Amino acid sequence: MEFFLISLLNGVTYGLLLFMLSSGLTLIFSMMGVLNFAHASFYMLGAYFAYQISTYLGFGAALLVAPLVVGALGAVVERYGLRKAHRFGHVAELLFTFGLAFLVEEIVHLVWGKSSVDYKIPEYFDGTLFTLFSTSFPIYKGFMMLVSVGMLVALYLLLTRTRIGLIIQAALSKPDMVQALGHDVPKIFMLVFGGGTALAGLAGVIGGNAFITEPGMAAAVGSIVFVVVVVGGMGSLAGAFVASLLIGCIQTFSVGITFSVTDLAALFGVRLEDSSAVARLTVTQLAPVLPYLLMVAILIFRPRGLMGARES
């Protein structure tokens, strides 16, 4: 029971962080049709900016300022880069964002070096929130969950209860009609792209010190974010939320399970020879691969994702 509850809490915490990342990517794709390969790079920039700002002004200032700076950079990238690439089709957009990811990584190398930086959890968050059985749950993980849920509620209210949210939703499906009604659709695209990158930056602020802030962090989390978007359904925020929690729990539970492939096969009445290397693999060893296996299964049996719209 202790293992289940602690793994569930850790899985939900990680899943909410993944949703904060994937929600921005999902919004950008659903509105602009652009699969932004540089999205995880904005997550990395959020962590590095937070590290730099917190060095001088503290973590509270970094939490507020870093996502805004990343969002502003995202808006500039859309206005002066991606918008120009859009004229030449989706291949040019993909190549632009792919190249942008390499450019951001090289800039990080030049400014902060190739090793990790000392971006630590603030002292006032360095403690135990509660103890479950014999395991302590850190205050900072509770804070991460609070920020993630707050972002989720704010995003929902913005898209469903405000005028700008209604305009954004209309622009997702009928951009020409929105333009005809007098709204500046390119400006809406720029704001959505900036908002999506700001969410990635916010995830970097709260995730950079919980894990590690180093130049390879974008590559480490980028592939998982794309798995979340594919599993949830391209362009579906609700699907991204469900897939984020699912993948977060899969990874945290699998890390603590020591059953071998032989043991799992035996549960289904299948006997495997222990002499084979595959049969001796444990679930813990397979943990990094499981999200990708889930994505392959989704693409085979439900190509539109868990909650993606059916193509007409």
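Bear in mind these aren't lab numbers, they're just calculated from the coordinates by the rules spelled out. All values derive from a computational prediction rather than experimental measurement. For neighbour counting, all protein chains shown are included, and Cβ atoms are generated from backbone atoms with ideal geometry for every residue, glycine included.
A few notes on this one:
- Sequence-distant residues sharing a close amide H with residue 257 (under 5 Å, placed H): 284
- Only Lys, Arg, Asp and Glu carry charge here, each on its Cβ (+1 for the first two, -1 for the last two); on that basis the chain has a dipole of about 860 debye about its Cα centre.
- Positive minus negative residues near residue 41 (Lys, Arg vs Asp, Glu; Cβ under 12 Å): -2
- Between region 224-242 and region 73-98, the alpha-carbon center distance in angstrom: 22
- Residue range of the chain that is longest and free of GluC sites (Glu not before Pro) which are both DSSP loop and sparsely packed (at most 16 other C-beta within 10 Å): 1-272
- Anchor residue 141: lysines whose Cα lies under 22 Å away (excluding residues fewer than 8 positions away in-chain): 120
- Axial C-alpha extent at least 20 Å, average Kyte-Doolittle at least 0.0 - helices from the chain (DSSP): 2-32, 39-57, 59-77, 90-112, 139-161, 185-208, 217-232, 237-255
- Cα point-scatterer Debye curve for the chain, base-10 log of I(q)/I(0) at q = 0.06, 0.07, 0.12 Å⁻¹: -0.22, -0.30, -0.86
- Net charge over other residues, Cβ less than 10 angstrom from the Cβ of residue 86 (K, R count +1; D, E count -1): +1
- Net charge over other residues, Cβ less than 15 angstrom from the Cβ of residue 191 (K, R count +1; D, E count -1): +2
- Residues whose amide H lies under 5 Å from that of residue 132, counting only those 5 or more places away or on a different chain, are 137; hydrogens are built 1.01 Å from N in the peptide plane.
- Ratio Rg/Rh [Cα only; Rh per Kirkwood] for region 143-213: 1.10
- Amide H contacts of residue 306 (H built 1.01 Å from N, under 5 Å, at least 5 apart or other chain): 232, 233
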